[in-house]
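The values are calculated or read from the model by the stated rules, or taken from the named source; none is laboratory data. Not measured: the values here are computed from a predicted model. Positions of Cβ are backbone-derived with ideal geometry, glycine not excepted, and every protein chain shown enters the neighbour counts.
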Amino acid sequence: MSDPVTTWLKHLEVNRRYSGHTLSAYRRDLNQLVTLADGKPLEQIVNGNIRHFLARLHGQGHSARSLARMLAAWRGFYKWWAPQSQMAANPAADVRAPKASRGLPKALSVDQTQALLEAPALVTQTDPASLRDRAMFELFYSSGLRLSELVGLDMDYTQSKQYTSTGWINLSDREVNVLGKGGKRRSVPIGTQALECLAHWLDARPQFVRPAMTEADQAALFIGVRGARISPRVVQSQLTKLVKLAGLPTHVHPHVLRHSFASHVLQSAQDLRAVQEMLGHANISTTQLYTKLDFQHLAKAYDAAHPRAGRKKE
């Protein structure tokens with residue numbers, strides 16, 4: 001990978017606090033750009049090259065969504081690199097990817113969410129791991145967090161020469177503070193159920209503490225049996241087990257809990273701006289997808305209840 005690309009990714013990591021997942025995606029997309037350039041210096045790439053590269057990728061079967069993601073990464077890179085390399089303009093600035101159809105986010109119904117979070121296999125267990133998992137999933141759903149935000153939470157704000165918190169809980173104020181995408185800070189309320197589960201987990205957490213823990217792991221809200229901060233893969237694994245034990249006939253990715261939070265709050269409050277703030281969406285158009293989920297919910301209720309909805313008569 002070329003030096004300017006490496007430098008830009010380091011800038012995003014250190015100064016913009018981008019997540020490892022986002023950085024990996026950008027690295028793949030920029031590797032693709034370097035490959036397509038075929039030895040041509042990136043500062044010599046022009047608008048016509050970018051259009052040609054997209055056309056080639058489209059012809060190779062890349063989806064519109066994939067092309068849009070790549071183009072966003074290229075555009076962001078050149079926005080930073082073009083002024084430094086004295087390029088005349090950002091070559092990707094006015095290029096548009098093929099329009100992609102935007103699917104609806106998957107969300108559980110209220111009843112399915114209740115069945116998941118109140119599964120006997122979860123609520124009747126008092127071992128530390130079960131208490132941790134219950135607190136984890138209650139908080140996930142209660143505050144609509146991203147998976148990276150959840151695993152990055154600390155018990156309190158911590159700052160030292162070696163480590164600074166990016167997210168933490170504040171039990172006295174009943175809120176969670178996180179650093180979302182693009183370095184956007186937000187605070188979200190924590191529900192009563194989640195607060196109670198967090199208190200039980202914090203009482204049990206010392207059983208997972210180990211002598212050789214790093215400062216970052218010592219600060220972490222959720223840790224594993226070896227004393228390390230819990231990883232996204234463990235969250236996914238534990239949720240998959242819980243879904244099976246709860247008898248839900250669906251695959252539930254951790255992000256589905258975030259979608260369910262947004263959908264259920266919107267169904268009750270009908271306040272799109274408030275949901276946008278709690279989710280940390282930069283654009284309200286992203287949040288508006290949940291109004292379609294809400295409409296689906298209302299449409300099902302209409303079909304079931306309205307005498308002229310077209311149901312077959314018995």
Being closer than 23 Å to H253 by Cβ and either exposed (fewer than 15 other Cβ atoms within 10 Å of the Cβ) or acidic (D, E) (or both) narrows R28, R69 down to just R28
- Residue within region 73-86 that is under 29 Å from V235 (Cα atoms) and either polar (S, T, N, Q) or in contact with a helix residue (DSSP H, G or I) (Cβ under 9 Å, 6 or more places away or on another chain) (or both) present: yes
Filtering region 150-166 down to residues that are within 20 Å of T192 (Cα to Cα) and under 15 Å from the mean Cα position of the chain (by Cα) yields L150, L153
Item to complete: With the condition kept exactly as written, say whether any residue in region 139-148 is in contact with a helix residue (DSSP H, G or I) (Cβ under 6 Å, 6 or more places away or on another chain), within 23 Å of G227 (Cα to Cα) and either buried (at least 23 other Cβ atoms within 10 Å of the Cβ) or outside the structural domain of R233 (by TED's automatic domain parsing) (or both).
Response: yes
Given the conditions (1) aromatic (F, W, Y); (2) surrounded by fewer than 19 Cβ atoms within 10 Å (Cβ to Cβ); (3) part of a helix (DSSP H, G or I), every one holds for Y157 apart from (3)
